[in-house]
Each structure stands twice: as structure tokens, then as C-alpha cells.
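A quick write-up on the structure given underneath.
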Amino acid sequence: MTKEEVFSRLTEVFRDVFDDESIEISESTTSADIPDWDSFEHINLILAVETEFGVKIPMGKAVTLKNVGELAETIISML
Amino acid sequence: MRELEYPFDGNYIIKKKKALRRQLLSEEGVRFTPLRIAILGGETTNDIKNVMELFLLNNKIQPEFYESEYNRYYEDAMFPNEELESFKPELIFFCTCNRNIAEFPEIGDSKEVVDNKLQGTFEKFQTMWDHVSATYNCPIIQNNFEPPMFRLMGNRDSWDIHGRTNFINRLNQLFAEYAASHENFYIHDINYEASVIGLSNWSDSSYWHMYKYGVSVPAIPFFSFNVANIIKSIMGKNKKVLMLDMDNTLWGGVIGDDGADNIEIGQETAMSQVYSEFQSYVKSLKSLGVLLTVNSKNDHDTAVKGLERPDSILHPDDFVSMKINWDPKSRNLVDTASELNLLPESFVFADDNPAEREIIRQEVPGASVPEIGNRPEHYIEILDRSGFFETTNLSADDLKRNEMYQANAARSAAKASFQNYDDYLKSLQMNGEIQNFVPAYMARIAQLTNKSNQFNLTTKRYTQSEIEAVSANPAYIDIYGKLTDKFGDNGVVSVVIGNIRNNECHIDLWIMSCRVLKRQMENAMMDALVGECKARGLQKIVGYYYPTAKNNMVREFFAERGFNKISEDTEGNTVWEFDLTTDYTLQNTVINVNKTEDN
């Protein structure tokens with residue numbers, strides 16, 4: 001799966017979880033860029049990402065991700 | 001909402017919870033019952049609350065929440081708390097887990113020490129419940145404890161007083177005894193739920209360490225669904241009626257074709273045992289006060305014989321109403337509801353046939369239609385875990401409710417009529433394949449001539465070689481019909497054979513499988529027959545009806561197709577004619593015939 005494909009599927013996940021069709025994400029997107037992205041929603045986001053890509057993100061990773069780019073790299077490394 | 005009915009996709013619910021909430025709240029004309037719920041948690045409860053809200057909204061309950069700070073359940077309950085007091089909770093939910101047990105036994109503890117730890121843990125909870133119920137005087141829901149994640153001594157953990165498993169089981173027993181002796185106090189049995197979905201799925205410790213969830217986030221929908229079921233039951237929103245199909249729901253097989261002696265029920269085969277177990281479950285529901293009714297497409301006298309078998313666990317007098325006829329099941333449901341003076345939304349409709357389930361969903365909003373599938377070994381599980389009849393109070397009235405309603409049912413009520421049955425049929429997206437016999441289907445066609453008893457005008461049986469002979473002989477018209485709908489392929493379901501003599505087509509055989517009854521398949525077959533007769537320049541079609549013990553449902557079949565009755569003898573054999581020299585209007589208006597998917 002290319003990085004573009006991962007980002008396109010990630011965009012859909014973000015839009016579902018935050019219920020906002022206008023969300024655009026990039027490598028540098030962080031929780032500061034999306035108002036609803038608090039620690040509670042982070043759990044749901046990680047679960048939704050895991051379901052979407054069929055991976056299980058290790059606990060250590062899930063709590064230290066810096067931005068969406070790192071999330072995408074983590075996913076790609078597990079596919 | 002389908003997404004919120006058991007069995008549901010929990011991860012989907014979590015992902016889409018905001019959109020689902022929006023949808024639930026924007027439904028027109030729904031009147032919600034407001035309810036103030038205080039969640040006092042020993043763990044994080046954020047998503048437990050959010051997902052619970054969805055299930056409550058789906059039950060027309062609109063909650064307003066008070067949520068304690070993380071692990072402040074005891075403090076919130078025991079000490080003066082202005083915020084909670086001004087919230088005026090109408091229900092309090094203590095959401096705790098085994099991480100909240102302060103003192104587990106140590107291996108070196110004496111029996112007295114272990115007992116003190118047990119009593120100490122229990123008393124902390126008991127004091128809290130007593131205090132809260134005196135202060136707020138409202139229903140209390142309390143989680144019991146899930147099994148421990150590890151067993152220090154392995155299997156010995158279950159019986160040795162030093163084992164955590166043993167300790168938790170004893171604690172749960174004390175909780176149960178409190179519930180049994182206190183009104184308005186209800187246990188949320190997470191111990192059972194964890195076993196249903198598996199302890200490893202229930203208690204993934206990463207969710208505790210990362211977010212302080214005692215229950216894994218993917219298990220939350222299941223958890224919240226069960227709490228919501230207790231709440232809707234307390235609020236009097238339980239279902240009251242279980243409406244059951246007969247063929248392949250209460251027993252295996254089609255009683256009209258197979259006969260009461262040959263349906264699968266009893267203890268002789270594995271399948272008959274499965275159906276017997278399901279009947280036992282249904283009968284147990286009756287003892288809880290659930291009303292049982294039948295809604296079946298069958299000949300009444302024939303079908304009732306299935307319940308009169310000595311090895312049938314359910315008997316006709318277990319049902320407060322039996323609608324066994326050829327009417328749309330949606331109409332039968334609405335009629336039953338009005339006879340029992342209940343709303344259709346009090347009904348749970350159980351039927352193995354997905355098309356019947358769909359018509360109820362579309363025509364009778366509010367009635368619950370669980371996806372019981374078509375595998376009877378899963379019927380109990382799906383009905384049971386759906387929580388339709390979650391029992392929070394068991395009164396003397398509940399226990400004799402069946403008798404009350406049996407009397408009510410004796411009163412007749414007005415029948416509702418549906419204008420849009422055709423719309424329902426169109427929504428099934430039916431495609432018919434109606435052709436002359438082809439080699440691939442000869443065996444199935446012969447089988448159908450031998451199996452069909454109800455929708456069978458002449459009850460003439462054929463071997464496969466006879467079918468092949470008919471097909472090869474130009475003096476015969478041979479037509480088979482195959483029907484597909486959006487739920488799948490029904491296979492070859494109808495066959496017509498006509499013998500051509502003197503420019504007339506004499507109908508030797510006209511059969512159809514009852515599973516596609518009232519779908520206009522019979523009309524489509526008529527259209528095809530008339531088309532071929534006209535193409536051959538024939539003058540008329542002659543139809544014959546020979547009554548048997550089972551084919552009463554097609555007594556007037558030819559009249560409904562536009563034939564005129566020519567004669568009737570003392571045995572009830574009738575002969576009918578259809579004039580081919582006038583213009584013909586197609587009778588089928590809903591099935592796409594002989595069109596490939598590309599068209």
C-alpha cells in the first residue's frame with residue numbers, strides 16, 4: 001500500500017471519528033489541529049485505524065505518536 | 001436502528017458514534033423520555049457513557065449524564081456533593097471493575113484474614129449503596145466483577161480461598177444476595193459478559209494502563225448495550241410479545257409439503273433436537289410473562305398439527321394468538337397487536353426467512369426484527385443476547401399475563417390494510433429467469449414435482465426421464481421459473497407443463513414453491529405461458545384443479561389468473577378455460593423477467 005493510499009484511507013477514518021467531512025490531514029497534522037482530538041477521542045481514533053488497516057498498534061507506540069505522518073509510517077511498517 | 005441491534009459491529013459503532021447520535025436525534029416524530037443518569041466510576045467511563053447514550057436513544061430514552069471524576073465513585077456517593085445533589089439523579093450506575101478491589105488475599109493469609117478482606121470489600125460497597133439509596137431514592141445499577149486476568153495457582157485459584165478467582169466469585173455472590181434482598185437494585189453482570197466475549201477480549205490491560213478503562217474499548221458497545229437493556233427494562237420499555245414463524249423456525253421443514261409426521265422436531269435427529277431446544281427456550285420465555293404468537297404462511301389446519309405432535313414442546317394453547325394464513329405477515333402482526341391492545345413496537349418477530357423479516361421492518365416500524373439468520377442452532381443465542389425481555393421486575397402479573405391476553409385475543413379487531421405491498425415487492429429487486437427446460441435443471445424440476453404439495457394444481461409427479469421426455473416433445477409447453485432477489489437466489493421455484501391438443505394448451509402441471517408465495521411469481525409464470533401459447537397460435541388454455549388434502553390454497557388459483565370455470569364435479573375437481581384470442585395484459589408488475597444485470 002502506498003503512502004497516498006494510506007493517507008486517503010486515514011482521511012476517511014478521521015472524518016468518521018470526528019464526524020467532520022471537511023477534515024484534511026497531512027504528515028504534520030497533530031491533535032492541536034483538530035479541536036475534538038482529545039485523549040478520549042485518541043482512543044477511538046486508534047481503534048478505528050486498527051480496524052481499518054487490520055493492524056494492532058502497540059501500546060508504547062499509540063501513546064507516543066507525534067503526528068499523523070508517524071501514524072502513517074507505523075501503519076505501513078505493520079502491513 | 002439496524003446498526004445498534006444485536007449482533008452489532010462494535011468497532012463500527014465506536015467509530016461512527018457521533019454520526020449515529022446525530023441520526024438518532026434527528027429522527028422525525030420521536031418522543032424521547034428524558035432520564036438523568038449519574039455514572040459513578042472506578043474506571044474511565046467516557047466511551048461507556050457515549051455508547052450507552054446511543055443504545056438508550058435507540059430505545060427512545062434521552063439521557064442526561066453526570067459523570068464522576070475518574071475513580072471518585074466512592075467519594076461522590078458518600079460525601080456531600082452539591083453538583084450531584086442539584087443534578088437530581090433518577091438512576092445511579094456504579095461502574096467498577098476488579099481493579100477497584102483494594103485488598104486481594106495473600107497466599108499466607110489465614111482464613112480469618114481472607115474473610116475479613118472479603119467482608120471489608122463488600123461492606124465498602126454495601127455502605128455506599130445504602131447511603132445512596134437513602135439520599136437519592138432512585139434505582140441503582142452496580143457492575144459485579146469480571147474474572148481476574150491471571151490465576152496465580154492455576155485451576156486451584158477457583159476453589160482455594162487465597163485464589164483471586166475464588167475471592168471474586170464469593171464477592172459476586174454477596175452482591176447477588178444484596179440484589180435479591182433490595183428493591184430497585186440491579187446487578188450488571190459483567191462476569192457473564194466477559195465470558196461471552198472472552199476474558200482476553202474483555203480485559204486488555206493496555207486499555208487500563210493507557211486510559212484506565214477496566215473494560216477494553218472494543219468491548220464497550222457490548223458492555224453499554226447490556227446496561228442500556230437494564231435501564232430500558234426499568235423504564236418499562238421491554239418487548240412484550242414474541243411472534244414466531246413456523247416452518248424452519250419452530251420446526252425443520254415445510255409442514256404443508258412434508259406433513260406433520262415428517263417435520264424435524266423431537267429427539268430423533270440432530271436438527272430436530274435443535275428445534276426442540278429452541279421450543280423449550282420459547283416456552284421458558286412464556287413463564288416469564290412473554291406473550292407468544294404465531295405468524296405463519298400456511299394452511300391453518302395443516303400447520304397446527306405440527307404443534308399437536310406429542311413430542312412438540314410448544315402446544316397450540318401456549319400461544320395467545322395464531323395467524324396462520326396467506327396474508328402478508330405485516331398485516332398479521334398489526335392485526336395481532338390490535339387484538340391484544342398492544343402497540344406493534346411491543347413485538348419481536350422471529351422468522352428464518354429474510355424476505356419476511358424485511359417486510360416487517362419496512363411495513364411495521366418499531367417492531368423488533370432480530371437477524372436470527374437461518375441457522376436454528378443460533379436462534380436462542382441471538383434472541384437471548386438481544387435483551388428484548390431483560391427482566392428487572394418479576395411480578396405476579398407477569399406470571400399470569402398470558403392468561404389475560406388469551407382472553408383479550410378472543411375479541412376481534414379491525415384489520416389494517418396496506419396500500420404499498422407492491423412497493424415492498426419492488427424493493428426486493430426480484431429478477432426472474434423464465435425459460436423452457438434446460439438440462440442443468442432437469443433434476444431440480446423433477447424433484448420439485450415430487451416435493452410440492454401445497455401450490456400444486458394437479459399433483460402429478462414426474463421422474464427425471466419423464467421431465468426430459470416432456471422437454472424433447474414439441475407437443476408440450478415446458479416452462480421453469482427461477483427467482484432471485486436482493487437476499488439471494490431462491491433457485492428454480494416454479495414449473496408449468498402444458499400438453500397441446502387441438503390448438504388448446506391443457507395444463508398438466510403447475511407448481512410453485514411456497515417460499516416465494518405472494519411475490520407475483522405466479523403472475524410472471526402466467527405471462528410466460530400466455531406468451532408461448534400465443535406464439536404458437538393456440539386458441540385457449542385449459543386448466544385443471546384436483547383437490548387433495550394439502551392444495552386447498554390454490555383452489556381459486558385459475559380464477560385469480562383470469563380463467564373461467566367450465567365445470568366442477570362432486571369431488572371438487574374443476575376445469576377452467578382462458579381465452580387466448582383477446583388482448584392480454586401482463587399480470588406481473590414487479591419482477592424483472594429474463595433481464596441480465598447489465599440491463
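The values are calculated or read from the model by the stated rules, or taken from the named source; none is laboratory data. The shown structure was predicted, so the numbers you read here are calculated from the model rather than taken from an experiment. Neighbour counts are summed over all protein chains in view; Cβ atoms, including those assigned to glycine, are modelled from backbone coordinates with ideal geometry.
Being within 14 Å of chain A (Cβ to nearest Cβ) and either over 17 Å from residue B:223 (Cα atoms) or among the aliphatic types (A, V, I, L, M) (or both) is true for just one of B:22, B:72. Which residue is that?
Only one candidate qualifies: B:22.
Restricting to the range A:1-22, and then to whatever is among the acidic types (Asp, Glu) and within 14 Å of chain B (Cβ to nearest Cβ), can you tell me which residue is nearest to residue B:217 (Cα to Cα)?
Per the criteria, the residue is A:16.
Could you tell me whether the range B:190-202 includes any residue that is in contact with a Ser or Thr (Cβ under 9 Å, 6 or more places away or on another chain), under 23 Å from residue B:70 (Cα atoms) and surrounded by fewer than 19 Cβ atoms within 10 Å (Cβ to Cβ)?
Yes, some residue in the range B:190-202 is in contact with a Ser or Thr (Cβ under 9 Å, 6 or more places away or on another chain), under 23 Å from residue B:70 (Cα atoms) and surrounded by fewer than 19 Cβ atoms within 10 Å (Cβ to Cβ).
Which ranges mark the helices (runs of 4 or more DSSP H) fully within the range B:178-227 that have 3 or more residues being more than 14 Å from every other protein chain (Cβ to nearest Cβ)?
Numbers: elements: B:190-197, B:199-202, B:205-211.
Ranges flagged: B:190-197.
Would you call residue A:25 in contact with a helix residue (DSSP H, G or I) (Cβ under 8 Å, 6 or more places away or on another chain), assigned to a loop (DSSP other than H, G, I, E, B) and more than 10 Å from chain B (Cβ to nearest Cβ)? I'd like the intermediate steps shown before the answer.
Numbers: in contact with a helix residue (DSSP H, G or I) (Cβ under 8 Å, 6 or more places away or on another chain): yes; assigned to a loop (DSSP other than H, G, I, E, B): yes; more than 10 Å from chain B (Cβ to nearest Cβ): yes.
So residue A:25 passes the test.
For (1) outside the structural domain of residue B:456 (by TED's automatic domain parsing); (2) touching a Pro at 6+ places or on another chain (Cβ under 9 Å); (3) not in a strand (DSSP E or B); (4) not charged (D, E, K, R), each residue gets a yes or a no:
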position: B:489; (1), (2), (3), (4): no, no, no, no
position: B:494; (1), (2), (3), (4): no, no, no, yes
position: B:497; (1), (2), (3), (4): no, no, no, yes
position: B:506; (1), (2), (3), (4): no, no, no, yes
position: B:510; (1), (2), (3), (4): no, no, no, yes
position: B:518; (1), (2), (3), (4): no, yes, yes, no
position: B:524; (1), (2), (3), (4): no, no, yes, yes
position: B:528; (1), (2), (3), (4): no, no, yes, yes
position: B:532; (1), (2), (3), (4): no, no, yes, no
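Could you grab me the full set of residues in the range B:102-119 that are more than 14 Å from residue B:160 (Cβ to Cβ), part of a loop (DSSP other than H, G, I, E, B) and not charged (D, E, K, R)?
The answer is B:102, and nothing else.
What are the residues in the range B:12-49 that are in contact (Cβ under 8 Å) with a residue 60 or more places away in the chain, within 25 Å of residue A:11 (Cβ to Cβ) and not charged (D, E, K, R), if any?
B:13, B:14
Residue-wise test of (1) over 22 Å from residue B:184 (Cα atoms); (2) in contact with a Gly (Cβ under 7 Å, 6 or more places away or on another chain); (3) modelled with pLDDT of 95 or more.
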site	(1), (2), (3)
B:30	yes, no, no
B:50	yes, no, yes
B:55	no, no, yes
B:69	yes, no, no
B:72	yes, no, no
B:79	no, no, no
B:83	yes, no, no
B:87	no, no, yes
B:94	no, no, yes
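Restricting to the range B:324-333, give me the number of residues that are surrounded by fewer than 22 Cβ atoms within 10 Å (Cβ to Cβ) and either part of a helix (DSSP H, G or I) or more than 18 Å from the chain's Cα centre (by Cα) (or both).
As a first pass, look at the range B:324-333 and keep what is surrounded by fewer than 22 Cβ atoms within 10 Å (Cβ to Cβ): B:324-328, B:331.
Then drop every residue that is not either part of a helix (DSSP H, G or I) or more than 18 Å from the chain's Cα centre (by Cα) (or both), which leaves B:324-327, B:331.
Of the residues in that region, 5 qualify.
Please pick out the residue among B:338, B:276, B:272 that is more than 14 Å from the chain's Cα centre (by Cα), farther than 30 Å from residue B:551 by Cβ and part of a helix (DSSP H, G or I).
The unique qualifying residue is B:338.
Among the candidates B:542, B:516, B:590, B:575, which residue alone is at pLDDT below 95, in contact with a strand residue (DSSP E or B) (Cβ under 6 Å, 6 or more places away or on another chain) and of a type outside the set (S, T, N, Q)?
Of the residues listed, the single one that is at pLDDT below 95, in contact with a strand residue (DSSP E or B) (Cβ under 6 Å, 6 or more places away or on another chain) and of a type outside the set (S, T, N, Q) is B:516.
Report the residue count in the range B:9-35 for those that are polar (S, T, N, Q), within 18 Å of residue B:231 (Cβ to Cβ) and either within 25 Å of the chain's Cα centre (by Cα) or outside the structural domain of residue B:218 (by TED's automatic domain parsing) (or both). Step through it out loud before you land on a result.
We begin by selecting, within the range B:9-35, every residue polar (S, T, N, Q); these are B:11, B:23, B:26, B:33.
Okay, now just the ones that are also within 18 Å of residue B:231 (Cβ to Cβ), so B:33.
Subset that is either within 25 Å of the chain's Cα centre (by Cα) or outside the structural domain of residue B:218 (by TED's automatic domain parsing) (or both): none.
Adding up the residues that qualify gives 0.
When you check residue B:255 against the structure, is it farther than 30 Å from residue B:452 by Cα and in contact with a helix residue (DSSP H, G or I) (Cβ under 7 Å, 6 or more places away or on another chain), yes or no?
No: the conditions fail for residue B:255.
Considering the range B:228-245 alone, what residues qualify as being assigned to a loop (DSSP other than H, G, I, E, B) and within 19 Å of the chain's Cα centre (by Cα)?
B:237, B:238, B:239, B:240, B:245 - these are the residues of the range B:228-245 that are assigned to a loop (DSSP other than H, G, I, E, B) and within 19 Å of the chain's Cα centre (by Cα).
Quick check on the range A:43-57. Is at least one of its residues of a type in the set (D, E, K, R), surrounded by 17 or more Cβ atoms within 10 Å (Cβ to Cβ) and within 14 Å of another protein chain (Cβ to nearest Cβ)?
Yes, the conditions are met somewhere in the range A:43-57.
Would it be correct to say that residue B:10 is crowded, with 19+ Cβ neighbours inside 10 Å and either away from chain A (no Cβ under 14 Å) or on the phi > 0 side of the Ramachandran plot (or both)?
It is false that residue B:10 is crowded, with 19+ Cβ neighbours inside 10 Å and either away from chain A (no Cβ under 14 Å) or on the phi > 0 side of the Ramachandran plot (or both).
Of B:127, B:96, which residue is assigned by TED's automatic domain parsing to the domain that holds residue B:176 and more than 20 Å from residue B:215 (Cα to Cα)?
Just one listed residue meets the conditions, B:127.
Just to be sure before I move on: is residue B:289 closer than 15 Å to residue B:376 by Cα and either surrounded by fewer than 22 Cβ atoms within 10 Å (Cβ to Cβ) or under 17 Å from the mean Cα position of the chain (by Cα) (or both) in the structure I sent?
Criteria not met by residue B:289.
Restricting attention to the range B:421-457, which residues are touching a helix residue (DSSP H, G or I) at 6+ places or on another chain (Cβ under 6 Å) and either surrounded by fewer than 18 Cβ atoms within 10 Å (Cβ to Cβ) or assigned to a helix (DSSP H, G or I) (or both)?
Scanning the range B:421-457 gives B:424, B:442, B:443, B:445, B:446, B:451.
Can you tell me which residue is nearest to the other protein chains (Cβ to nearest Cβ) among those in the range A:58-71 that are β-branched (Val, Ile, Thr) and surrounded by 14 or more Cβ atoms within 10 Å (Cβ to Cβ)?
A:63
Could you figure out which of (1) in contact with an Asp or Glu (Cβ under 9 Å, 6 or more places away or on another chain); (2) within 30 Å of residue B:359 (Cα to Cα); (3) not aromatic (Phe, Trp, Tyr) isn't true of residue B:565?
Exception for residue B:565: condition (2).
Identify the residue in the range B:27-52 that is away from chain A (no Cβ under 14 Å) and of a type in the set (D, E, K, R) and, among all such residues, is surrounded by the fewest Cβ atoms within 10 Å (Cβ to Cβ).
B:28
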